[in-house]
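Report on the following structure.
The values are calculated or read from the model by the stated rules, or taken from the named source; none is laboratory data. Keep in mind the model is a prediction, meaning the values are calculated, not measured. All Cβ positions, glycine included, derive from the backbone under ideal geometry; neighbour counts span all protein chains shown.
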Amino acid sequence: MDWNVFQWRSLKTRVTLSTLAIFLAGIWSLAFYASQVLRDDMKMLLGEQQLASTSALAADINSDLEQRLQALANLAMVAGPSVRSERSVLPLVLAQRLITRGLFNGGFVAYNADGLVVDTDTRLVELLGSRVPEGDGAVAIALRDGVPAVGLPRLEPVLRALVVPMAVPVRDGRGRVVGAVVGWTRLDGANFLDRVGDLRYARTGLYTVVSPKDRRVVTASDKSRILERLPAPGQDPAVDRAVDGDEIFGLLVDHTGQELLSSSVRIPLAGWTVASAWPTAAAFVSIRQLEQRVMLATLLLTVLAGGLTWWMLRRQFAPMQDAARVLAAVTEHSQPLAPLATPTQDEVGALIGGFNRLLKILGQREQAQKETEARYRTLVEWSPDAVVVYVDGRIIYCNPAAVRLFGAESADELLGEPVSERIHPDSAIAAAQRLQHVARTGDSVGVAELKIIRLDGTVIDVEGQGTSIVFDGKPAVHSVLRDITSRKQADAEMRIAATAFESQQGMLVTDSEWTILRVNRAFTEITGYTAQEAIGQKPSELLRSGRHDAEFFRAMLESLEKTGSWLGEIWDRRKNGELYPGWFAITAIKDENGRITHYVDTFVDITSRKQAEEQIQNLAFFDPLTGLPNRRLLMDRLELAMASRGRHQRKGALLFVDLDNFKTLNDTHGHHRGDLLLQEVAQRLVTCSRRGDTVARLGGDEFVVMLEDLSEQPLEAATQAEGVGEKILALLNQNYLLAGYVHHSTPSIGITLFGDCEEGIEEPLKRADLAMYQAKAAGRNTLRFFDPQMQAVVSARAALEAGLRDALAGDQLQLYYQPQVMGESEMTGVEALVRWLHPQRGMVSPAEFIPLAEDTGLILPLGHWVLETACKQLANWATRPEMAHLTVAVNVSPRQFHQADFVDQVLALLERTGAQPQRLKLELTESLLVANIEDVIAKMTALKRVGVGFSLDDFGTGYSSLSHLKLLPLDQLKIDQGFVRDILTDPNDAAIARMVVALGDSLGLAVIAEGVETEAQREFLANQGCYAYQGYLFSRPLPIAEFESLAQSYLLQNKELLAPVK
């Protein structure tokens, strides 16, 4: 036997072992997997079989119980009279019901509701009169719950045997439980529980019927276990599963450590559980036998596969071994290669065929090498670079490009010529050193620039490199030369252009997409950006100032596309954020096809030029002394303001300001102090003006303030202009410190409005000038309006405001009281109304001075005075029984109510005057509810907490929201007199009045109507449910003395009405 076949390093051995290893790993893995799957499937099958047997046993027992309970139920219906009348009927009935008698081999007993035996069959007569034995739970359940029940087996003394009791209730005609009929099944004889030992069930284990409730064995395959107590919970998993009633199967370990295949099923009628336990040692015998057979078959298959694999591989590798021996013999003896025989057409035959093709390829490569040499010669001949070969310093080969480079007609003119004759003296030493280095060392030399002399004597620049080669069997130098004369000229031109690029003008070059490619030093000096920061960015992003819109750049691009250039001013941003103006010249660079490839942008910083232009502009439009606009700029702005009159109807005003006695200051203290005064006046005028107004100096000591965007109403516009004039008058009256000298100066101011009609721009200035002279004529240090009538109105308003201030300080204000009546004549309160008795004008209407007080802010002290006076009057009336019941209503303006300390003011007045808060009623208007409703509610709630009442005045005339109204702590709604006036003739007014009354009723608020002047109006309101009134029907507002007299008459009138009839 040839043991060499077992050499471990041979290919055949390695392939054989590898194949066997893979095959055996697969077949043994499959065997183990199949064994495990079969084992799991068999376990599942045995478990399901056991569960099916257990379910069948449980179903059979449950069916037997159902049959017996039904028979007992039928018996109970027949034996019912014996239970109720205690007459014995069971023997007679059972004699006729042999099937029922046969179902219970232990006998029958009937109990009454008290648990006494009242009837039995012939076998249990001695039980008559006895009670339900202890432990018979079935009877107890039937008597107590009125449902059939199956009890736990127990020992019956009369029968001296274990019995299973089953009980059903006995009911009377009205369905009440009056007793129970019980049937006993003896376990010592044949009974339905003997199924547990039936052979057809025993094939899947031992069975036990348990009572989970009592934790006892009802019956079992082993009869000796009846009534055996079950292990405590947690000791035996199989028992715990049966007690829990889980209807499943599985592997468990019992308390003895034995592994069991266990299953359990419930018996619904008895509440029992049938449990089956089968030791796995017996259950899985067939599984283990099957596994042994699988392992044996796998082992036999392994031996067979190993032998077949070894034989097959040995057969397949035989041709390859033969071929290897032949090749080794050929190699050792240097014999010519001959094609090998191909014994088979498989992979081995393919390998031998590969060796044969390799021989053929070697011959082909020799031929290819010859063709390559010919191709290389062609490439050299056609190369655009000059190729020259030197041997011993003489030219022995040159290609056509070299002939052209040296200016020869043919290569013959160059061959054999010393190469040194073609080298310019400037490059001779360097060229000789390079040639010697290549010849001596055989190394290559890199590219270097040289000058050579052509045959016609002209000198050209070339760059050349060389390396050593063998040419025709001799060592030679192979060099490649390239004419760079044109490139050198281009480089020189580029240097000139680069010098020009670094000029004093900023320059940048971008591509066609405006990406910066290059910038010069001047660009960095102007913008602050270095070349590294700028290159790769776009000018529109790097330098954008934000002053030019998209249309500006669109026009620029359009010009570049059409004309190739653009010239103009652009504002850019430096790196530090500073904006600057530049003058730019942009040129588009195009290729031979007319497409833009680059943009060249040159620019200069024109900040200095712009500053000079701005100085010229300032000199033209601004006063050099004060810095204010001069007359020219004022007239331009006045023209624009008057032209805008067509777009809106708002008024404007001119205030002509002239300094009184300015010439005296110049004459006595010098012009330098006069100039200081003019500068100080200019500053003060600017502080008095609003944003958008114009303060200008016309010349000398004359100034003009132009106000725009005043009110559309002439009177309001005049008032606004007067306010600014008064401010100027007060500010310019303050002392001036002029170079150490304290000076007092006053102005005269003329005011006129413009914007009412079309007129020239000089007209308003003339009117303001005339008005200024009116002010000087009136004694200086004052202001005057050009229009005499308007002057009169403004003066009257100013006088009225001054008078009202005097009235608040003096004793000119009075409170009048108008009664508020309930029904026809019951006076319940008053409304306090302020009156102004002017020393000269007499009584001033509230409609005239109340709006003025609102506009000027005097409503705050006025409202405080009214509230304080009303509280004092309340405190006074509180000491007089006939007046103590009256409430006082005081009107509070929104501006007064919205004061942050309004609540504190009211509480302080109540405490200081001693007035009762319950008698004070504050009347609010609907305009108060328009804004900041949360603050309004908070203040009302705070005052309401101390007893102050609230009435909503003039209800229905404003814009109050019903959603807000229901949140306010109001006491009363007041119907406005505008609705009451025409309530009898205008259906709309009548409907509104009805709505207010209905709304008040739904919100739980009182309703009072003001302006009641006729009895018909009062009757109409009364018919609608409004019974509180105020108006001239009862009394006009009266001073305190007259009102108290009126109140006394109302009191006497009410007393007479209430007096008993004699």
Practice task
Please determine, by comparing only the residues of segment 405-417 that are in contact with a helix residue (DSSP H, G or I) (Cβ under 8 Å, 6 or more places away or on another chain) and either crowded, with 18+ Cβ neighbours inside 10 Å or in a strand (DSSP E or B) (or both), which one is modelled with the highest pLDDT.
Solution key: 406
Handout entry: Filtered residues of segment 836-845 (kept if surrounded by fewer than 16 Cβ atoms within 10 Å (Cβ to Cβ) and in contact with a helix residue (DSSP H, G or I) (Cβ under 7 Å, 6 or more places away or on another chain))
Key = 838
Fill in the blank from the handout: Taking first residues from segment 153-173 that are assigned to a loop (DSSP other than H, G, I, E, B) and second residues anywhere that are of a type in the set (Asp, Glu), the pairs with Cβ under 7 Å that are 6 or more apart or on different chains are 158/126
Exercise for the section: Please work out if residue 293 is under 60 Å from the mean Cα position of the chain (by Cα), basic (Lys, Arg), within 30 Å of residue 206 (Cα to Cα) and at pLDDT 70 or above. Expected result: no
Practice task
Determine whether residue 142 is at pLDDT 80 or above, part of a strand (DSSP E or B), in the same structural domain as residue 268 (by TED's automatic domain parsing) and among the small types (Gly, Ala, Ser).
Solution key: no
Practice task
Working only within segment 211-245, note down all residues that are in contact (Cβ under 8 Å) with a residue 40 or more places away in the chain and either assigned to a strand (DSSP E or B) or within 16 Å of residue 267 (Cα to Cα) (or both).
Solution key: 211, 212, 213, 214, 216, 218, 219
Exercise for the section: Name the one entry in 699, 646, 692, 725 that is modelled with pLDDT under 95 and either outside the structural domain of residue 766 (by TED's automatic domain parsing) or surrounded by 14 or more Cβ atoms within 10 Å (Cβ to Cβ) (or both). Expected result: 725
Exercise for the section: Mind listing whichever residues of segment 84-124 are touching a strand residue (DSSP E or B) at 6+ places or on another chain (Cβ under 6 Å), within 16 Å of residue 166 (Cα to Cα) and among the small types (Gly, Ala, Ser)? Expected result: 106, 107, 110, 115
Exercise for the section: Might you check whether a residue that is at pLDDT below 90, crowded, with 19+ Cβ neighbours inside 10 Å and within 22 Å of residue 746 (Cα to Cα) occurs anywhere in segment 787-804? Expected result: yes
Exercise for the section: Among the residues of segment 236-280, write down those that are surrounded by fewer than 16 Cβ atoms within 10 Å (Cβ to Cβ), at pLDDT 75 or above and under 60 Å from the mean Cα position of the chain (by Cα). Expected result: 268
Practice task
State whether one or more residues within segment 569-585 are without any contact (Cβ under 8 Å) to a residue 12 or more places away in the chain and more than 30 Å from residue 696 (Cβ to Cβ).
Solution key: yes
Exercise for the section: State the number of residues belonging to segment 950-970 that are out of contact with any Phe, Trp or Tyr (no Cβ under 8 Å at 6 or more places or on another chain) and either of a type in the set (A, V, I, L, M, F, W, C) or modelled with pLDDT of 95 or more (or both). Expected result: 6
Problem - The lone exception for residue 597 - which of (1) of a type outside the set (A, V, I, L, M, F, W, C); (2) over 22 Å from residue 511 (Cβ atoms); (3) modelled with pLDDT under 90 it fails - result: (2)
Handout entry: Which numbered condition residue 829 fails, given (1) under 24 Å from residue 923 (Cα atoms); (2) more than 60 Å from the chain's Cα centre (by Cα); (3) not polar (S, T, N, Q)
Key = (2)
Exercise for the section: Go through (1) buried (at least 16 other Cβ atoms within 10 Å of the Cβ); (2) farther than 26 Å from residue 946 by Cβ and name the single condition residue 1008 misses. Expected result: (2)
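A quick yes/no check of all residues on (1) more than 23 Å from residue 852 (Cα to Cα); (2) surrounded by 18 or more Cβ atoms within 10 Å (Cβ to Cβ); (3) in contact with a helix residue (DSSP H, G or I) (Cβ under 8 Å, 6 or more places away or on another chain); (4) free of Cβ contacts under 8 Å to residues at least 24 places away in the same chain:
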{"site": "885", "(1), (2), (3), (4)": "yes, no, no, no"}
{"site": "889", "(1), (2), (3), (4)": "no, yes, no, no"}
{"site": "910", "(1), (2), (3), (4)": "yes, yes, yes, no"}
{"site": "915", "(1), (2), (3), (4)": "yes, yes, yes, no"}
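This table checks each residue for (1) modelled with pLDDT under 85; (2) on the phi < 0 side of the Ramachandran plot; (3) surrounded by 13 or more Cβ atoms within 10 Å (Cβ to Cβ).
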| residue | (1), (2), (3) |
| --- | --- |
| 778 | no, yes, no |
| 783 | no, yes, yes |
| 810 | yes, yes, no |
| 817 | no, yes, yes |
| 820 | no, yes, yes |
Exercise for the section: Could you check, for segment 815-822, whether at least one of its residues is touching a Gly at 6+ places or on another chain (Cβ under 6 Å) and under 26 Å from residue 869 (Cβ atoms)? Expected result: yes
Practice task
Would you confirm whether any residue within segment 1050-1060 is within 30 Å of residue 813 (Cα to Cα) and either modelled with pLDDT of 90 or more or not in a loop (DSSP other than H, G, I, E, B) (or both)?
Solution key: yes
Handout entry: Candidate set from segment 418-450 (those that are farther than 17 Å from residue 397 by Cβ and crowded, with 17+ Cβ neighbours inside 10 Å); member that is farthest from the chain's Cα centre (by Cα)
Key = 423
Problem - Qualifying position, being charged (D, E, K, R) and modelled with pLDDT of 85 or more, among 495, 518 - result: 518
Exercise for the section: Examine segment 40-47 for a residue that is among the basic types (Lys, Arg), within 60 Å of the chain's Cα centre (by Cα) and assigned to a helix (DSSP H, G or I), and state whether such a residue exists. Expected result: yes
